[in-house]
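Have a look at the structure below before the remarks.
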Amino acid sequence: MNRTVKICFLSAALTTLALPVVAQSNTPTSPDPSKTPTPITGKSIQQRKENQQDRIAQGVKSGELTAGETTNLEKKEASINQEERDMRKLDNGKLTATDRKTLNQQQNQLNKQIYQDKHNGAVQNTNDQSKVGQREENQQDRIAQGIKSGQLSAGEAARLESQQAKISQQVRADRQANGGKLTQQERNQVNREQNRQSRQIYRDKHNNRHQ
């Protein structure tokens, strides 16, 4: 009888000792920080916008982007910038984690489009593009620099992108109407529009409104 009682007490003791182990095994472990995705910061969004502008400018300079492709890319970049502006309006000038994720996905899509356009075999006629192409590239670089420095807000960048897209579209239409070339009168017109664009970029970058 005493032996039976001892066995029961021993079994109960072992069961009690095993409970913490079972409880511990059922407790969810903390995620490994090294495997947690790094959140997208506001700076990374600015860097991506700047990078896209630089790539478009380089494509214009090299002739890898036609006027039509440039116009299309500019419109898409302007749309993303406008969406960012609207998002910030809804959250007191800030972007939520969901906003950042959405913008990053859109920039990924634009990134692929830039690559495809630059490698699709369609090239810009660069024979008479020296001044027109250089000015367009320069405007792109200035917008990119303004985005990087924070001197251009999302709204300003979107507006400048839209204006630049219209100029690019005009150049495309003029070239199509003249066998791929621009007449002197058309060059003068484009130059005047780029002068206005240049002044607008300067004003937007020096109006003390920051991103």
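The values are calculated or read from the model by the stated rules, or taken from the named source; none is laboratory data. Not measured: the values here are computed from a predicted model. Heads up, the Cβs are rebuilt from the backbone with ideal geometry, glycines too, and the neighbour counts pull from every protein chain shown.
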Residues being in a helix (DSSP H, G or I), out of contact with any Asp or Glu (no Cβ under 6 Å at 6 or more places or on another chain) and either among the charged types (D, E, K, R) or at pLDDT 70 or above (or both) - total across segment 104-131 = 14
When residue 101 is run through (1) farther than 19 Å from residue 78 by Cα; (2) in a helix (DSSP H, G or I), the failure sits at (1)
Filtered residue count, segment 138-180, keeping only those that are under 20 Å from the mean Cα position of the chain (by Cα) and either at pLDDT below 80 or of a type in the set (Gly, Ala, Ser) (or both) | 12
Taking first residues from segment 43-62 that are crowded, with 22+ Cβ neighbours inside 10 Å and second residues anywhere that are not in a helix (DSSP H, G or I), the pairs with Cβ under 8 Å that are 6 or more apart or on different chains are 56/65; 59/65; 60/124
In segment 52-76, residues that are under 17 Å from the mean Cα position of the chain (by Cα) and of a type outside the set (Val, Ile, Thr) total 12
Of all residues in segment 73-98, which are closer than 21 Å to residue 159 by Cβ, free of Cβ contacts under 8 Å to residues at least 12 places away in the same chain and either part of a helix (DSSP H, G or I) or among the polar types (S, T, N, Q) (or both)?
-> 86, 89, 90
Considering segment 104-114 alone, what residues qualify as being without any contact (Cβ under 8 Å) to a residue 60 or more places away in the chain and hydrophobic (A, V, I, L, M, F, W, C)?
-> 110
